[in-house]
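**Q** Here it is, the structure in full.
The values are calculated or read from the model by the stated rules, or taken from the named source; none is laboratory data. Remember, it's a predicted structure, so these values are computed and weren't measured experimentally. Neighbour counts run over all protein chains shown; Cβ positions are idealised from the backbone, glycine included.
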């Protein structure tokens, strides 16, 4: 399910597989994705009551974003990870 363009509370897509819901925040950037995306996905996970949250980008992540993702459990993926996302995120 694709969420509305505005007021999505940090989640752009909600994917469901085997009864588990995953909130996905999409960032089409050529540069770095920082903490804000991780914070939005984490908040969106609570708001949409998903089992987990993921940020997917075309760019790269800052060291700070990696650190925050480890603390919050938000998965950080690159767009090239999408074909094997079900194995990486295990949902």
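**Q** Mind listing just one residue for me: the one in the range 42-71 that is in contact with a helix residue (DSSP H, G or I) (Cβ under 7 Å, 6 or more places away or on another chain) and surrounded by fewer than 16 Cβ atoms within 10 Å (Cβ to Cβ) and, of those, farthest from residue 2 (Cα to Cα)?
**A** Of everything passing the filter in the range 42-71, 64 is farthest from residue 2 (Cα to Cα).
**Q** Further, regarding this structure: Would you please list the contacts, defined by Cβ atoms under 6 Å and residues six or more apart or on different chains, that run from a residue in the range 46-61 that is under 11 Å from residue 74 (Cβ atoms) to a residue that is in a loop (DSSP other than H, G, I, E, B)?
**A** 53/74
**Q** I need the full set of residues from the range 46-71 which are under 13 Å from the mean Cα position of the chain (by Cα), over 22 Å from residue 29 (Cα atoms) and part of a helix (DSSP H, G or I), in order please.
**A** Once the filter is applied, which keeps residues that are under 13 Å from the mean Cα position of the chain (by Cα), over 22 Å from residue 29 (Cα atoms) and part of a helix (DSSP H, G or I), the range 46-71 yields 46, 48.
**Q** Which pairs turn up if I take residues in the range 27-44 that are without any contact (Cβ under 8 Å) to a residue 12 or more places away in the chain and look for partners that are outside any loop (DSSP other than H, G, I, E, B) and crowded, with 21+ Cβ neighbours inside 10 Å with beta carbon separation below 9 Å, at least 6 apart in sequence or on another chain?
**A** 36/65
**Q** Of the residues that sit in the range 1-17 and are surrounded by 17 or more Cβ atoms within 10 Å (Cβ to Cβ) and farther than 18 Å from residue 89 by Cα, which one is modelled with the highest pLDDT?
**A** It comes out as 10.
**Q** Let me ask something else about it. Filter the range 18-41 for residues that are buried (at least 21 other Cβ atoms within 10 Å of the Cβ) and in a helix (DSSP H, G or I); which is nearest to the chain's Cα centre (by Cα)?
**A** 41
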